[in-house]
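Data first, discussion second: the structure below is written as structure tokens.
The values are calculated or read from the model by the stated rules, or taken from the named source; none is laboratory data. What you are looking at is a predicted structure, and each value in this text was computed from that prediction instead of being measured. When we count neighbours, we look across all protein chains shown, and the Cβ atoms used for this are built from the backbone with ideal geometry, even at glycine.
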Amino acid sequence: MDLRQLEYVVALADEQQFTRAAAVCRVSQSGLSAAIRNLEDELGTPLFTRTTRRVDTTDAGLALLPFARATLAQAAAGRDAVVRATHSLSGRLHVGAEQCLGIVDVPPLLERFHRRYPLVDINFTQAGSHDLVSQIRAGDLDIAFVATTEHLATAQSVELGRRPVVLLVPPGHPLGVAASVEWAQLRDHEFIDFRESWGVRSLNDAACSARGVSRRVRCTVDDIHTLLDLIHRGLGIALVPQHVAEKPQAAGLTAVHLPGESTPEWVVSVVSANQADASAARLLELLDPPKSQPQVTPEPAVLRAGGA
């Protein structure tokens with residue numbers, strides 16, 4: 001049993017799907033599967049049950065999971081302690097992020113950075129992606145985690161991952177009875193969406209405009225949980241990144257596929273100023289090396305139990 005195998009166990013338990021877990025771990029699906037099988041052979045019991053649609057954690061896997069998480073946390077803390085003892089870094093780091101990016105969890109990343117470099121003063125800003133890119137270009141931020149591909153030409157950017165956009169509708173909505181919808185079916189429906197500073201808003205506007213869909217945005221929000229609450233209350237439908245439809249607060253809503261050949265992709269990147277200082281570079285070192293992430297399209301279903 002090694003740390004890499006434990007990392008795979010945690011990722012597979014969280015994602016409940018080999019393709020997504022492999023993407024999270026930046027490893028091939030066959031490599032992750034083989035490592036899990038080897039660990040199961042070593043322990044003499046299955047840790048997961050596999051079906052064509054999902055992976056469930058067995059009782060043995062659930063028993064191992066807290067120890068796996070604790071071991072990985074201790075290993076990370078040990079590495080951080082070594083870095084802290086052998087490197088001195090001070091100054092100020094200005095970081096920004098859009099809310100609920102899914103592909104990267106920014107608060108734990110900042111926590112780990114703070115443990116490694118306690119003398120660095122971290123200033124954190126949460127805002128829409130377009131506002132964050134503007135702050136990068138103006139020199140007000142050193143680094144930002146954004147969900148847009150627009151206006152990045154003057155900044156350094158690295159893609160971290162992508163997810164398809166899905167249609168999210170309230171219970172009983174007529175668009176929720178089919179596995180997928182055509183773009184033309186979205187006409188004349190009222191929408192809930194984010195303010196123009198959010199990357200997903202411009203992505204949705206461009207996708208609808210390109211397909212001749214004129215839509216009315218009835219409610220404009222700056223918070224994902226408010227958007228989900230308004231959908232629950234029947235005030236509109238929404239085009240959201242896949243991971244938003246999997247949140248616990250979306251339980252009971254219906255996620256519907258858009259046409260596969262024209263489904264917009266929501267892209268998360270980390271951007272930094274061209275002259276970013278050493279603190280920004282050290283923060284980037286705590287991210288796994290980015291690799292191409294396969295598109296994952298969920299099975300259409302009413303979301304009765306959400307994921308994190």
Output yes when any residue across segment 170-187 is part of a strand (DSSP E or B), under 23 Å from Leu227 (Cα atoms) and in contact with a strand residue (DSSP E or B) (Cβ under 8 Å, 6 or more places away or on another chain), and no when none is. yes
Among the residues listed as Ala23, Ala75, the single one being at pLDDT below 90 and over 21 Å from the mean Cα position of the chain (by Cα): Ala75
Counting only strands (runs of 3 or more DSSP E) entirely within segment 32-128, those with at least 1 residues that are touching a strand residue (DSSP E or B) at 6+ places or on another chain (Cβ under 7 Å) and among the aromatic types (Phe, Trp, Tyr) are 48-50, 120-126
Among the candidates Ala60, Ala11, which residue alone is free of Cβ contacts under 8 Å to residues at least 24 places away in the same chain and in contact with a Cys (Cβ under 9 Å, 6 or more places away or on another chain)? Ala11
Filter segment 146-161 down to residues that are farther than 22 Å from Ile192 by Cα, not in a loop (DSSP other than H, G, I, E, B) and not polar (S, T, N, Q), then give me how many there are. 4
Looking at segment 269-282, can you tell me whether even one residue there is among the β-branched types (Val, Ile, Thr), modelled with pLDDT of 90 or more, within 30 Å of Tyr117 (Cβ to Cβ) and not in a helix (DSSP H, G or I)? yes
Selection status of Val82, under 30 Å from Thr148 (Cβ atoms) and either more than 22 Å from the chain's Cα centre (by Cα) or surrounded by 15 or more Cβ atoms within 10 Å (Cβ to Cβ) (or both): no
Can you confirm whether Ala68 is outside the structural domain of Val244 (by TED's automatic domain parsing) and touching a Leu at 6+ places or on another chain (Cβ under 8 Å)? yes
So which of Ser202, Ser209, Ser197 is of a type in the set (S, T, N, Q), farther than 20 Å from Ala97 by Cα and either out of contact with any strand residue (DSSP E or B) (no Cβ under 6 Å at 6 or more places or on another chain) or not in a strand (DSSP E or B) (or both)? Ser209
Picked from segment 215-250 (must be β-branched (Val, Ile, Thr) and under 19 Å from the mean Cα position of the chain (by Cα)), the residue surrounded by the most Cβ atoms within 10 Å (Cβ to Cβ) is Val240
